[in-house]
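Visitor: Here it is, the structure in full.
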Amino acid sequence: MNTRVTDLLGIRVPVIQGAMARIADGKLAGAVSAAGGLGIIACGGAPLEWIEQQVRIAREIAGDAPLGANVMLMDPQAPQVAELLTKLRVDVVTTGAGSPANFMAAWKEAGMKVVPVVASSALAARMERMGADAVVAEGCEAGGHIGELTTMALVPSVCDAVRIPVIAAGGVADGRGMAAAFALGAEGVQVGTRFLTVEECCIADAYKERVLKAKDSDTVVTGRGSGHPVRGLKNKWARAMRKLECDAAANPDELEGMYAGSLRRAVEGDVDGGSMMAGQSAALVHERKTAAQAIADLLADAEVRGGMNLQQLACANAQRTGRAACVVEGKE
């Protein structure tokens, strides 16, 4: 299907893979891009040599298909990552946890598309003024670092605040979620949790099995007291963290010690002692499959179970801005 997002990013289907730290590597990103979506390599906290290696791996898999990378702007080495991605000519950069103002000009000069992740309409409008090509409006249903607003409330607010394309994220794992996102005004979706269980994802089988078995009440948010809330699956580590965070006499150093390395432990298979980041949509993920199969299922399910024509919705959303015509079945 064709939307402003597919046209902007040069992809075949309006599905962007979420940038999951320590998880979204070149193998996963390459598979998503090869399947027609936009694969994203998560660069936050990663060595520069690793980033360059993963870009190479992804391009070997995806060929000429567009490829993206994510820069976590609170990362101390964000300037070095930004410069490296410019050198590597990555097609799309998504950003989070800060402002991309210092890097926008260089990225644009290199012909890269810049798509910040936002958690409010005010931030979305600011990113548009700064020159962003699109924004990802991510609701708190998402896994990993989250804001406060739900996808249902955030996406239409952002769509009303900006004229650039909006990509919805948070809670989208099947066609119903995708159809709902388009009904709210989005022209693409970002999906993270659904890709945790695909064959190309690097996390341990034990982590994947926890996602597959998750129910709708099986996620919890830790880290609210630190100002960096994170959603993940409930386990011994998460329960201990919540208990410690509620203790007024808790030692900050003890909290920091429990956070350190928690995601790495989960990725490597310690599903009791690590942070298993995942969104509320884990309850909707029941099969492993490949990245290509997951994307194909998402699109087919959106048409059948969503009960609406996504192409027509995409056209209506583009026309709402007054800046874009749209083609449905060959007619403008």
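The values are calculated or read from the model by the stated rules, or taken from the named source; none is laboratory data. Worth saying up front: this structure is predicted, and the values here are computed from it rather than measured. FYI the Cβ positions are ideal-geometry reconstructions off the backbone, even for glycines, and counts take in every protein chain you see. Keep in mind that these areas ignore ligands, DNA and RNA; they rest on the heavy atoms of the full protein, side chains included. Shrake-Rupley method; radii C 1.70, N 1.55, O 1.52, S 1.80 Å.
Visitor: Find the residue count for region 84-107, including only residues that are closer than 22 Å to Ala58 by Cα and exposed (fewer than 14 other Cβ atoms within 10 Å of the Cβ).
Guide: Of the residues in that region, 2 qualify.
Visitor: Let me ask something else. Scan region 33-67 for residues that are part of a helix (DSSP H, G or I), within 17 Å of Glu83 (Cβ to Cβ) and open to solvent by less than 20 Å² (accessible area, probe 1.4 Å) and report the count.
Guide: So the answer is 3.
Visitor: Same structure again: Among the residues of region 105-150, how many are among the small types (Gly, Ala, Ser) and either under 26 Å from Val267 (Cβ atoms) or free of Cβ contacts under 8 Å to residues at least 12 places away in the same chain (or both)? Can you show your working first?
Guide: Step one: of region 105-150, the residues among the small types (Gly, Ala, Ser) are 105-106, 110-111, 119-122, 124-125, 131-132, 134, 137, 139, 142-144, 147.
From the residues that got through so far, the ones that are either under 26 Å from Val267 (Cβ atoms) or free of Cβ contacts under 8 Å to residues at least 12 places away in the same chain (or both) too are 105, 119, 139, 142-144, 147.
Qualifying residue count, region 105-150: 7.
Visitor: Another question about this same structure. Has region 293-304 got at least one residue that is modelled with pLDDT under 90 and farther than 25 Å from Ala29 by Cβ?
Guide: yes
Visitor: With (1) of a type outside the set (Asp, Glu); (2) open to solvent by 10 Å² or more (accessible area, probe 1.4 Å); (3) at pLDDT below 95 as the list, and Ala153 as the residue in question, which single condition is left unmet?
Guide: The single condition Ala153 does not satisfy is (3).
Visitor: Continuing with this model, one more query. Please verify whether region 115-137 includes one or more residues that are open to solvent by less than 50 Å² (accessible area, probe 1.4 Å), of a type outside the set (Gly, Ala, Ser) and in contact with a Phe, Trp or Tyr (Cβ under 8 Å, 6 or more places away or on another chain).
Guide: No: region 115-137 contains no residue that is open to solvent by less than 50 Å² (accessible area, probe 1.4 Å), of a type outside the set (Gly, Ala, Ser) and in contact with a Phe, Trp or Tyr (Cβ under 8 Å, 6 or more places away or on another chain).
Visitor: Considering only region 179-202, state which residues are open to solvent by less than 20 Å² (accessible area, probe 1.4 Å), over 20 Å from Ser120 (Cα atoms) and either within 16 Å of the chain's Cα centre (by Cα) or without any contact (Cβ under 8 Å) to a residue 60 or more places away in the chain (or both).
Guide: Selection gives Thr193, Phe195, Leu196, Thr197, Val198, Cys201.
Visitor: Being assigned to a loop (DSSP other than H, G, I, E, B), open to solvent by less than 10 Å² (accessible area, probe 1.4 Å) and either within 21 Å of Glu268 (Cα to Cα) or in contact with an Asp or Glu (Cβ under 8 Å, 6 or more places away or on another chain) (or both) is the requirement here; does Ile23 meet it? Walk me through how you get there before you give the answer.
Guide: Working: assigned to a loop (DSSP other than H, G, I, E, B): yes; open to solvent by less than 10 Å² (accessible area, probe 1.4 Å): yes; either within 21 Å of Glu268 (Cα to Cα) or in contact with an Asp or Glu (Cβ under 8 Å, 6 or more places away or on another chain) (or both): yes.
Yes: the conditions hold for Ile23.
Visitor: Quick one: Asn70 ticks every box in (1) open to solvent by less than 20 Å² (accessible area, probe 1.4 Å); (2) in contact (Cβ under 8 Å) with a residue 24 or more places away in the chain except a single one, so which number is it?
Guide: Of the numbered conditions (1) open to solvent by less than 20 Å² (accessible area, probe 1.4 Å); (2) in contact (Cβ under 8 Å) with a residue 24 or more places away in the chain, the odd one out for Asn70 is (1).
Visitor: Let me ask something else. If you scan region 182-191, which residues turn out to be under 18 Å from Gln280 (Cβ atoms) and in contact with an Asp or Glu (Cβ under 9 Å, 6 or more places away or on another chain)?
Guide: Of everything in region 182-191, just one residue is under 18 Å from Gln280 (Cβ atoms) and in contact with an Asp or Glu (Cβ under 9 Å, 6 or more places away or on another chain), namely Gln190.
Visitor: So if I check each of Ala97, Ala78, Ala58, which one is closer than 22 Å to Ala204 by Cα and of a type in the set (Gly, Ala, Ser)? Spell out how you get there, then give the answer.
Guide: Numbers: Ala97 fails: closer than 22 Å to Ala204 by Cα; Ala78 fails: closer than 22 Å to Ala204 by Cα.
The unique qualifying residue is Ala58.
Visitor: Moving on to the next point. Looking at (1) open to solvent by 10 Å² or more (accessible area, probe 1.4 Å); (2) in contact with a Lys or Arg (Cβ under 9 Å, 6 or more places away or on another chain); (3) under 17 Å from Gln280 (Cα atoms), which is the only condition Trp237 fails?
Guide: Unmet for Trp237, out of (1) open to solvent by 10 Å² or more (accessible area, probe 1.4 Å); (2) in contact with a Lys or Arg (Cβ under 9 Å, 6 or more places away or on another chain); (3) under 17 Å from Gln280 (Cα atoms): (3).
Visitor: To continue, here is another question. Evaluate the following for Gly44: is it at pLDDT 95 or above, small (Gly, Ala, Ser) and on the phi < 0 side of the Ramachandran plot? Even if it seems obvious, please write down each step before you answer.
Guide: Details: at pLDDT 95 or above: no; small (Gly, Ala, Ser): yes; on the phi < 0 side of the Ramachandran plot: yes.
When the stated conditions are applied, Gly44 does not pass them.
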